[in-house]
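Data block below; observations after.
The values are calculated or read from the model by the stated rules, or taken from the named source; none is laboratory data. Since we're looking at a predicted model, the values are computed, not measured. Cβ: placed from backbone, ideal geometry, glycine included. Neighbour counts: every protein chain shown. Protein only, heavy atoms only, side chains kept; ligands, DNA and RNA dropped before computing areas. Shrake-Rupley method; radii C 1.70, N 1.55, O 1.52, S 1.80 Å.
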Amino acid sequence: MILLHKALKNGFLVWTMALLFPVFVHAEKSPPLYDEVVLKDGSRLIGTVISVRDRLVTFKTSFAGTLNLSMDHIVSVNNRNPAVMLLADQTVINSTSMIINQENLVLPDAAQTYPIEDLAVVNPEPWELGNGYRWTGSISFAWALQRGNTDSDELNFKLDPVWRSKRDRYTLNWSGEQDETNGVESADNWLLIGKYDYFLADPNFVGLVVNAKKDKFQDLEIRYLIGPYFGSQFYDKPVFSLSGEIGFSYVTEEYIAAEEKHYGASNWSLKAASNYLGGKSALYFDQTGIWSLKDTSDVILNTTFGLSFPLMWDLEASAEMLFEYDSGAVEGVDDLDQTYNIRLGYTW
């Protein structure tokens, strides 16, 4: 009797699973929801909205990969999948669907409409929602080897990691050069800069900079600098970004042969970049300066002009011109150094 009861029970379970199996299969095979972008030329693209920021829609398709589409060329974006929207006033909205056109953001499930100017980002990164830090940066090298009448070996390196959150930012810049000509060392220098920024009301911030520099062939054993500064992100768009900082610092310079110096100084930094050439290429300008308040004729400038362009697998190449000017250079050392580099690096 017990055996019969178990057989009936097991049989019931088997038949139940058999009846439910087609339901599971049907649910598993339910077609996914796709998003749609309508362009001004009448084209309709089917795929998935990855993000929207700075009036640029990142859209993934099965036939053309990932596309970056300007809102200037779009009639509407119909997102049928759940999305997270960050508004300009930092309000976060979760919605099961949305429609974006050139004038409005429409949330059908909530029956709400916002001016498109109120939309900052669709599907923001965790750090933009106040969760943790975003780590970006690059590491690059430039080599030059010459054999023949003159044997020379040159190596330049640069490391630029940045950790950014909603409230603050940590930046590290480390660069250097090691050269040798006919077996004799001809360059030995490096520069290390560490910075901390704390964001105030947008677009302003305050910070602290610490840097150290060595240049054997400028008689500079080591230069230390530490001081606070005030900065502002004057403009921040892909087509053009510009930021600046100005502050005061205490400087110590130790020389190999010359006398040691200590002085107060005004220091500044300017950064500009533009994707005007298109794609992921970038024109950039970077300048740092130190102006002695003890001897106002003593100015130190490091200025970089460059063009970077992507290769593959997050590899990047760049062409740079670096000008290093020191009006207070010791006797027998040129005031101006010029370096021209072709770099190969990795970005993340």
With axes computed from alpha carbons, what is the tilt in degrees of helix 2-28 against the longest principal axis of the chain, rounded to the nearest 10 within 0 to 90?
60 degrees
Any idea what the dipole of region 152-222 comes to, in debye rounded to 20, about its Cα centre with Lys/Arg Cβ at +1 and Asp/Glu Cβ at -1?
740 debye
All aspartates and glutamates inside 17 Å of Lys158 as judged from Cα atoms, apart from same-chain residues fewer than 8 positions distant:
Glu177, Asp179, Asp188, Asp215, Asp286, Asp314, Glu316, Glu320, Glu324
The local net charge around Ala142, scoring Lys/Arg +1 and Asp/Glu -1 for residues other than Ala142 whose Cβ lies under 13 Å from its Cβ, equals -4
Can you tell me the relative contact order of the chain? Whole percent, Cα pairs under 8 Å, sequence separation 6 or more.
8 percent
For Cα extents along the principal axes in Å, several values are listed as [x] 104, 53, 48; [y] 61, 46, 44; [z] 74, 45, 31; flag the one computed from this structure.
[x]
Accessible area (Å², per residue) of the chain, counting only protein heavy atoms and a probe of 1.4 Å:
60 Å²
XL table Lys40/Lys271; Lys216/Lys294; Lys40/Lys166; Lys195/Lys280; Cα-Cα > 31 Å flagged, in table order, is Lys40/Lys271; Lys40/Lys166
Counting only protein heavy atoms and using a 1.4 Å probe, what share of the accessible area of the chain belongs to carbon plus sulfur, as a whole percent?
61 percent
